[in-house]
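The values are calculated or read from the model by the stated rules, or taken from the named source; none is laboratory data. Owing to the predicted nature of the structure, the values given are computational and were not obtained by experimental measurement. Glycine also receives a Cβ, built like all others from the backbone with ideal geometry; neighbour counts cover every protein chain displayed. SASA here: full protein model, heavy atoms, side chains in, ligands and nucleic acids out. Shrake-Rupley method; radii C 1.70, N 1.55, O 1.52, S 1.80 Å.
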Amino acid sequence: AQGKRAGKEICIYAEDEHFNVAQRLTLATDLQQAIRNNQLELYHQPQINLHNNTVEGSEVLLRWQHPTLGFIPPDQFIRIAEDTGVINELSLWVIETTFKQLKELLSHGFQQHKVSINISGKDITMRGFLTKVTNLIANHDIPSHLVNLELTESVMVSDFNLLSELMKAFSNMGVNVSVDDYGTGYSSLAYISQLPFNELKIDKSFILDLVESPRNLTIVKNTIDMAKHLNLTVVAEGVESNLVEQKLRDFNCDIVQGYHYSKPLPFNDYLTWLDNYQKHVINQVY
Ligand code: C2E
Ligand code: MG
Ligand code: MG
Ligand code: MG
């Protein structure tokens with residue numbers, strides 16, 4: 001499994017460089033078209049609360065089936081969107097579409113279901129981002145405490161003051177913010193704890209092989225301990241087995257996400273998954 005994983009990584013990097021400047025510009029235009037022509041889709045991956053085994057909510061993950069090139073992984077087209085400035089329009093589309101789906105989740109009876117949305121560092125520096133998100137929350141009548149924004153570590157090294165102001169504003173509105181992919185960048189918990197984050201997501205590279213790696217066990221255990229002392233909710237992404245879940249329970253991790261529970265699913269399939277999960281939990285209890 002190790003070799004397969006390493007091979008996949010290499011392939012991703014090779015494909016990244018596969019797009020030259022001209023192709024990247026074409027893809028950026030295609031992406032704008034895709035936003036307008038509804039060729040993008042939001043998938044949902046459940047997040048499970050380990051303290052009560054209920055579904056805490058879902059992470060929203062963007063999917064793009066390009067008309068001629070086929071499926072392009074989000075890692076690749078997000079970077080192109082960031083480099084060409086398409087990202088702001090894309091992020092606002094993701095946020096608004098997520099809000100519409102959240103309303104559907106609420107009307108299906110999942111009253112406490114949260115949605116976690118990935119946003120880019122380029123959104124933070126966009127003029128009017130806060131106002132636009134605030135208006136979307138108001139217009140769609142969204143309970144703001146059900147909204148979580150995920151920011152990758154790399155954002156943290158940008159403008160501290162700007163980030164700090166924006167986060168305070170979100171925090172005052174009741175919107176939660178998490179640090180995504182924690183451990184892959186250079187920011188320390190000392191630095192992160194100066195900003196009003198609610199949640200820390202430990203990167204899957206530490207979680208995938210957790211049980212076999214004494215090194216990752218140490219890192220993850222101590223990260224969880226520190227994060228919890230700093231009053232951060234801890235999420236582990238990339239949980240693929242029951243053994244890993246057990247370890248994370250031992251370490252008092254709060255929330256888990258990974259293929260062990262479900263791959264990211266199209267919205268309608270996710271609704272079906274939620275119904276089945278609920279039945280399953282109820283059967284376990286009684
Ligand atoms: P991320 O935010 O760290 O998302 C988690 C990634 O891990 C997702 O990849 C998910 O499919 C994958 N994953 C979840 N559980 C497992 C598991 O058990 N094993 C393994 N091997 N992988 C797992 P995905 O969907 O390909 O997305 C990749 C990245 O693209 C995301 O990483 C995020 O940085 C970015 N991305 C995706 N959607 C959006 C979006 O709407 N906006 C922005 N700005 N970025 C996005
Ligand atoms: Mg994320
Ligand atoms: Mg992540
Ligand atoms: Mg990641």
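Among the residues of segment 65-82, are any of a type outside the set (Asp, Glu), more than 30 Å from Thr26 (Cβ to Cβ) and either in contact with a strand residue (DSSP E or B) (Cβ under 9 Å, 6 or more places away or on another chain) or modelled with pLDDT under 95 (or both)?
The first filter runs over segment 65-82 and keeps only residues of a type outside the set (Asp, Glu), leaving 65-74, 76-81.
Remaining after also requiring more than 30 Å from Thr26 (Cβ to Cβ): none.
No, there is no match, as no residue in segment 65-82 is of a type outside the set (Asp, Glu), more than 30 Å from Thr26 (Cβ to Cβ) and either in contact with a strand residue (DSSP E or B) (Cβ under 9 Å, 6 or more places away or on another chain) or modelled with pLDDT under 95 (or both).
Name every residue in segment 126-155 that is part of a helix (DSSP H, G or I) and within 14 Å of ligand 3 (Cβ to nearest atom), in order of residue number.
Start the filter on segment 126-155 by keeping residues that are part of a helix (DSSP H, G or I), which leaves 129-139, 144-146, 153-155.
Within segment 126-155, Glu153, Ser154, Val155 qualify.
Would you confirm whether any residue within segment 193-215 is at pLDDT below 95 and of a type in the set (Gly, Ala, Ser)?
Yes, there is a match, as at least one residue in segment 193-215 is at pLDDT below 95 and of a type in the set (Gly, Ala, Ser).
Going through Lys263, Lys221, Lys168 one at a time, which residue ends up being touching a residue at least 24 places away in the same chain (Cβ under 8 Å) and closer than 26 Å to Leu62 by Cβ?
On the way: Lys221 fails: closer than 26 Å to Leu62 by Cβ; Lys168 fails: closer than 26 Å to Leu62 by Cβ.
Of the residues listed, the single one that is touching a residue at least 24 places away in the same chain (Cβ under 8 Å) and closer than 26 Å to Leu62 by Cβ is Lys263.
Could you check, for segment 42-64, whether at least one of its residues is under 17 Å from Pro74 (Cβ atoms), within 16 Å of ligand 1 (Cβ to nearest atom), of a type in the set (S, T, N, Q) and open to solvent by 40 Å² or more (accessible area, probe 1.4 Å)? I'd like the intermediate steps shown before the answer.
As a first pass, look at segment 42-64 and keep what is under 17 Å from Pro74 (Cβ atoms): 42-45, 58-64.
So of that shortlist, the ones also within 16 Å of ligand 1 (Cβ to nearest atom) come out as 42-45, 58-64.
Now narrow it down to the ones that are of a type in the set (S, T, N, Q): 45, 58.
Subsequent filtering for residues that are open to solvent by 40 Å² or more (accessible area, probe 1.4 Å) retains none.
Within segment 42-64, not a single residue is under 17 Å from Pro74 (Cβ atoms), within 16 Å of ligand 1 (Cβ to nearest atom), of a type in the set (S, T, N, Q) and open to solvent by 40 Å² or more (accessible area, probe 1.4 Å).
Any residue in segment 196-207 that is closer than 28 Å to Leu162 by Cα and β-branched (Val, Ile, Thr) sitting within a Cβ distance under 6 Å of a residue that is open to solvent by 40 Å² or more (accessible area, probe 1.4 Å) and near ligand 3 (Cβ under 9 Å from one of its atoms)? List the pairs, counting only those 6 or more apart or interchain.
Note: no pairs meet the criteria.
Please count how many residues of segment 90-125 are in a helix (DSSP H, G or I) and either more than 18 Å from the chain's Cα centre (by Cα) or of a type in the set (A, V, I, L, M, F, W, C) (or both).
Keep residues of segment 90-125 that are in a helix (DSSP H, G or I), which gives 90-107, 121-124.
Okay, now just the ones that are also either more than 18 Å from the chain's Cα centre (by Cα) or of a type in the set (A, V, I, L, M, F, W, C) (or both), so 90, 92-95, 99, 102-107, 124.
Of the residues in that region, 13 qualify.
Does Ser158 count as farther than 16 Å from Ile119 by Cβ, modelled with pLDDT under 95 and either part of a loop (DSSP other than H, G, I, E, B) or open to solvent by less than 30 Å² (accessible area, probe 1.4 Å) (or both)?
Here the answer is no, as Ser158 does not meet what is asked.
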